[in-house]
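See below for the structure under consideration.
Since every read-out is calculated from the coordinates, none of them should be taken as a lab result. No experiment lies behind these values; they were computed from the predicted model shown. Heads up, the Cβs are rebuilt from the backbone with ideal geometry, glycines too, and the neighbour counts pull from every protein chain shown.
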Amino acid sequence: MSTEEVLAIIPAYNEESTIAQVINSLREEGLSRIVVVDDGSSDSTATEAARAGAKVLRHIMNRGPGAATQTGLDYARRTSAPCAVTIDADYQHDPKDVELLLDAVREDGADMVIGNRFMKGTNYIPGSRVLYNALANVATYLFSPHWVSDTQSGYKAFSRKAIERLRLSHDGFAFCSEIIIKAQRARLRIAEVPIRVNYSPETIRKGQGLGTGVRTLANLVQGYILK
Amino acid sequence: MNGLEIYQIVVPVIALLFLAYTVVMYLRGRSSAFEMVSWMLIWGLAILLALLPDAVTNFIADVFGIKSNVNAIIFLGLGILFFLQFHLYMLVRRQNIIITELVRKLALRDEEGRSGNS
């Protein structure tokens, strides 16, 4: 499987200032199949993405990152992508790390590879994010016996088997934990590789905080009880 | 009708209006027979409770084995409210799931249409 065949999925919500940069950087890394799932943005994210040459799937209204990721995975399934990579639209992930994630699928036989922001000591990560992530890791571990040290990372790679088997039901950020729990239940091989991360003020403003964390935990518990 | 309190007139009148509204909604095809009967039971209970407060609350207290009729009616009211709250919560949750499904399917269908046309 060559890098050209890999489908890059970019869930995006109001990311007009960075989306083209992410698409162009991915292309420089050899990815030619790029799909942006515009999650009901009110700005020109979809136009910018299309102008940069990506295929754009448009949610007519905002449904959350989980819903956008699931739409991307559905598209990967429909188009028989042999492998898919999800990456955040705010340019916090370095597209150069995509080969690390893909190698874990191609060479190590992993089904789901998580780009881990904490394995690289040089990354600057705000304290609130570290705390939120630690709580989310523990919450995820309560539902899945597989310990993952960066459960909330949006930079992931999926094998064909994972694309076929994973079906998400959480619309919001709880999908990050849900995907790990479901991968574990589907007996998929989960791996983590170190990635670089760049937190811009915009990324910090828009990302997950403790409030999101509490909602995520409530959603997980609710999903577990009412499944 | 001697010695009726004001609420014993106001509550049945309001309840009767809602009863009539429930029947009209059913006749216009906007609600099911089950919904009409359910609402008729609720408004009927409200009328009974207003007209015969002691008899109804003592009966409820006896049925549930609660000594005080006031406590019995409070517990019953809370129980009904929690049930309705849970019912509404499940409805909203279901609607959310349906909306997301719809939004996602539309996105994929639109893309298929564009690919087919190009």
Exercise. With a ≥ b ≥ c the root eigenvalues of the C-alpha gyration tensor of the protein assembly as shown, is it rounded (a/c under 1.5), prolate (a/b larger than b/c) or oblate?
Worked result: prolate
Problem set entry | Fewest-first ranking of A:SER144, A:SER42, A:SER169, using other Cβ atoms within 10 Å as the exposure measure | A:SER42, A:SER169, A:SER144
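Mind giving me the FRET efficiency for A:SER80 and B:ILE9? R0 is 56 Å, r the Cβ-Cβ distance, nearest 0.05 is fine.
So, using R0 = 56 Å, E works out to roughly 0.20.
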For this session: Within 10 Å of each residue's Cβ, count the other Cβ atoms and sort A:HIS170, B:HIS87 from fewest upward.
Result: B:HIS87, A:HIS170
Seminar exercise, completed: Listing A:ARG51, A:ARG189 by rising number of other beta-carbon atoms within 10 angstrom, fewest first, gives A:ARG51, A:ARG189
Exercise. When ranked by the protection proxy of mean other Cβ atoms within 10 Å per residue, highest first, what sequence do the peptides B:98-107, A:126-135 form?
Worked result: B:98-107, A:126-135
For this session: Could you work out the mean projected area of the convex hull around the alpha carbons of the stretch B:24-89, in square nanometres to one decimal?
Result: 5.4
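Just to be sure I understand the rule: take each whole DSSP H helix in chain B, project its Cα atoms onto its long axis, keep it if the span is 20 Å or more and its mean Kyte-Doolittle hydropathy is at least 1.0. Which ones pass?
Sorted by number, the helices that extend far enough and score high enough are B:7-27, B:33-51.
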For this session: Using only the alpha carbon atoms of the stretch A:108-160, find the Kirkwood hydrodynamic radius as the inverse mean reciprocal pair distance, in angstroms to one decimal.
Result: 12.1
Exercise. Using only helices, what value at 222 nm comes out for chain A when you add -39,500 (n - 2.57) per DSSP H run of length 4 or more and divide by the total residues, to the nearest 500 deg cm²/dmol?
Worked result: -12500 deg cm²/dmol
Problem set entry | Average beta-carbon neighbours from other chains, 10 Å sphere, peptide B:42-48 | 0
Seminar exercise, completed: Mean-square fluctuation maximum in Gaussian network of chain A, Cα pairs under 10 Å, restricted to A:ALA174, A:ALA104, A:ALA50, hits A:ALA50
For this session: Just report the Cα centroid separation between the stretch A:114-146 and the stretch B:63-115, whole Å.
Result: 33
Exercise. Within a Cβ distance under 13 Å of A:ALA67, other residues only, what is the Lys/Arg minus Asp/Glu net charge?
Worked result: -1
